[in-house]
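Okay, structure first, notes after.
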Amino acid sequence: MASGIEEGRVTVLNGAGPATAPATGGRYVLCLLQQANRSRFNPALELAVEEANRLGLPVVACFGLLDGSNGFPEANARHYAFLLEGLADAAEGLAKRGIGFVIRKASPAEIAADLSREAALLVLDRGYLAIQKRWYAEIRGAVTIRTLQVEGDVVVPVEIASDHHEHAARTLRPRLLRRMEDFLHPLPARKVRHSAAGLRLPGLDIADPRAVLDGMALDRGVAPVRRFRGGETEARRRLRAWLAGPFTRYGTGRGRPEAAAASQMSPYLHFGQISPVEIVLAIRAARKGSEEDRAAYLEELVVRRELAMNHVHYTAHYDRYGHAVPEWARRTLAAASADPRTHHYSERELAEGRTHDHAWNVAMAEMRETGYMHNHLRMYWGKKILEWSPSPEEGFARTLRLNNRYFLDGRDPNSFTNVAWVYGLHDRPWAKRAIFGTVRYQSENSLRKIDAKAYEAAVNRLCEAERQG
């Protein structure tokens, strides 16, 4: 571990020799913050600061804001509002540290290539989606200076955890547990010795994120939400509040949405506004909560989340039914595809929550209006779409489209993995039944442990708050 940043997180993309080899020339060290949108507890940024201090240079961070026809696939005003709030917050944090921040309407590859012309070194963060991998490949081909990539989105870097697609959580869990402690260290903010205040680099003014949003060409059919505000400051505030109270009932109440035991960290993790390592360390240091609470949450945050990273990293077309769903599940679903369906709904009826299933409609309302749904209900929600769709292929496509459109944390490795789980991924054959074959079925009985009236009342309050906004 070099200076608090684990060597296993650092990969040399351009330039021969070890990650510690010297860089020469340039006005600054450049750091692309495309996945990790935060000014602290960000290993890519801290490595950039270390290198800049060594070279006697300032640090410039940058972000490529995709807009119009080049926008991020399936992203809409809801997603961009949250993203821009987070970028505005990060910009404040970076300025306080003396780090420059440039945002332009460009692809990440374009802004990195352009700004690297005057840089001594380029440091990238890392994500695992196919579009992100394309950006990194474009950057590698366009940039001639030394380029390092630093993992900051998972606890254990994906290739270190496993070199292949894992069958299930039970196969990845022991691998993660063997390596977790090697990657769980505090990451204090380095002192920036050379301020970037004197640099003049053109970019967007992000101080008013709503004004930037208004100037973008994007899908405005899904509105921003009041329930969640983006940014690392808000993420840490929520984490502290959760650890001070709801965390103490996580072990026993995590399966009941009305218990309000969930941390609701997923949007902040998706947009890189908080580090999973920071959350793990905060949970370990919490004065409240039992070992059951800690173990249950770390199973979700580390094992299940990093199983999703493993899936998208090692699956070429994780957004396609024929690639994401295992063969045994596709075979049994195909054999049952002609089974009669009692209920049929169009995608519009599903989106508007106009089904015969009142509990499902309530959950859909929470998702549609507030951008969030409790994990237990997400499983039920997805299984019912499979049951009500004309074919498993169409059900998969519908589930993914609705997921990615309305959830703030949609278009995430967890999204693609959880949708595929509905259709048999990371699972085993169960008792055979109509429509599902031997893929796991989930009936209305699975909601019996939920206080449906309390949950509906909570959703009604949340939806009313959105309408008043």
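The values are calculated or read from the model by the stated rules, or taken from the named source; none is laboratory data. Bear in mind that the values here come from a model prediction, so they are computed numbers and not experimental data. Ideal geometry is used to build each Cβ from the backbone, glycine not excepted, and the neighbour counts take in all protein chains shown. Note: accessible area is taken over every heavy atom of the protein model, side chains too, but ligands, DNA and RNA are not part of it. Shrake-Rupley method; radii C 1.70, N 1.55, O 1.52, S 1.80 Å.
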Cα axis of helix 77-97 to longest principal axis of the chain: angle in degrees, 0 to 90, nearest 10?
-> 30 degrees
Among Ala286, Thr252, Pro276, whose Cα sits farthest toward the positive end of the charge dipole of region 249-300 (+1 at Cβ of Lys/Arg, -1 at Cβ of Asp/Glu, about the Cα centre)?
-> Ala286
Enter the per residue convex hull volume of region 114-170, computed from alpha-carbon coordinates, in Å³ rounded to the nearest integer.
-> 106 Å³
Take the alpha carbon atoms of region 310-371, find their center, do the same for region 72-105, and report the distance between the two centers in whole angstrom.
-> 32 Å
Using a simple charge model, +1 on the beta-carbon of Lys and Arg, -1 on the beta-carbon of Asp and Glu, nothing else, what dipole does region 366-469 show about its Cα centre, in debye to the nearest 20?
-> 300 debye
Among Ala452, Leu55, Ala365, the residue whose Cα sits farthest towards the positive end of the charge dipole of the chain (+1 at Cβ of Lys and Arg, -1 at Cβ of Asp and Glu, taken about the Cα centre) is Ala452
Using a 1.4 angstrom probe, figure out how much accessible area the chain has per residue, in square angstrom, rounded to the nearest whole.
-> 41 Å²
According to the Cα gyration tensor, what semi-axes, each the square root of 5 times an eigenvalue, does the equivalent ellipsoid of the chain have, listed from largest to smallest in whole Å?
-> 38, 24, 22
Return the percentage of antiparallel bridges among DSSP beta bridges fully within the chain, rounded to the nearest 5 %.
-> 25 percent
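For the chain, what is the mean residue ellipticity at 222 nm derived from helices alone (per DSSP H run of n ≥ 4: -39500 (n - 2.57); sum divided by total residues; nearest 500 deg cm²/dmol)?
Rounded to the nearest 500, it is -13500 deg cm²/dmol.
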Using the Cα atoms as the points, what is the convex hull volume per residue of region 260-414 in Å³?
-> 132 Å³
The alpha-carbon center of region 408-469 and that of region 156-216 are separated, in whole Å, by 28 Å
Region 229-283 and region 122-152 have their Cα centres apart by a whole-number Å value of 29 Å
In region 386-469, trypsin sites (Lys or Arg not before Pro) in a DSSP loop with at most 10 other beta-carbon atoms within 10 Å | Arg448, Lys449
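Distance cut-off 20 Å, Cα to Cα: go down the list Lys383/Lys453; Lys133/Lys383; Lys105/Lys191; Lys384/Lys432 and report the pairs above it.
Lys383/Lys453; Lys133/Lys383; Lys105/Lys191
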